[in-house]
Amino acid sequence: QAEFLKMKLKKQNVEEDIDDLLKTTEDLNISMREKLWSLNSGNDTLGNLIKYINMYGETFFRKSNIEFSYQLELQDAEQKINSENRRNIFLCIKEAFNNCYKHSEATHVNAEYIQQNKTLKISIEDNGKGMPLQFKQGNGLKNMRFRMLNANGTMDIQSDSNGTYLKFEIPLD
């Protein structure tokens, strides 16, 4: 893209192309940081996972008109969680946040984390317009279900005109 811009610079306005390049660079940077975080064994605790998700949520929603909040009920923040499950959980929550931002018209998103015995329950709830049927069959939700299946977990969704409620349950090793 940079070579293309260099050649184009002599011919016409390239502001939109530079914006596209900056967006691509930012997306790649975020993706690389997420991958490195998920592979770092120093982040293999439940507390670190939830801290990272909430930091991501706060940063993500800061650029929107959506207020983000969360609640925690952890019995053991030092509970180990393997890198594959950490990544699957994070990507599910990231997709849920993205769906709230893009589709819900919500003004508030709340994440709740409850650790009961050897199970982690995560719920994401928004106060948006609900989810039309065609979105319930969409690729984002299919990917979330697949990731939960890979983590030996489950995903449930409830949606009506008062908002959408996603619940993930993941067994902890």
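The values are calculated or read from the model by the stated rules, or taken from the named source; none is laboratory data. Because the structure is predicted, anything quoted here is derived from the model rather than measured. Neighbour counts run over all protein chains shown; Cβ positions are idealised from the backbone, glycine included. Only protein heavy atoms, including side chains, enter the accessible area calculation; ligands, DNA and RNA are left aside. Shrake-Rupley method; radii C 1.70, N 1.55, O 1.52, S 1.80 Å.
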Per 0.36 nm of contour for each residue apart, how much would the distance between residue 62 and residue 156 grow if the chain were fully extended, relative to their Cα-Cα spacing? 31.2 nm
If you add up the charges near residue 147, with Lys and Arg at +1 and Asp and Glu at -1, over every other residue whose beta carbon is less than 12 angstrom from its beta carbon, what do you get? +3
Residue separation between residue 28 and residue 119 times 0.36 nm, minus their alpha-carbon distance, gives in nm 29.5 nm
Would you tally the net charge around residue 129, using a Cβ to Cβ cut-off of less than 11 Å, leaving residue 129 out, and scoring K and R as +1, D and E as -1? -3
Over region 45-88, relative contact order from alpha-carbon pairs under 8 Å, at least 6 apart, %: 62
To make sure I understand the rule: partners must be aspartates and glutamates, Cα under 16 Å from the Cα of residue 63, and not fewer than 8 residues away in the same chain. Which ones qualify? 26, 27, 105
Mind giving me the nanometre distance, one decimal, between the label points for residue 82 and residue 149, set 7 Å out from Cα along Cα→Cβ? 1.8
Using the structure shown, list the pairs from 118/142; 23/80; 80/129 with a Cα-Cα distance above 32 Å, or answer none. 23/80; 80/129
Å² per residue, accessible surface of region 72-173 at 1.4 Å: 53
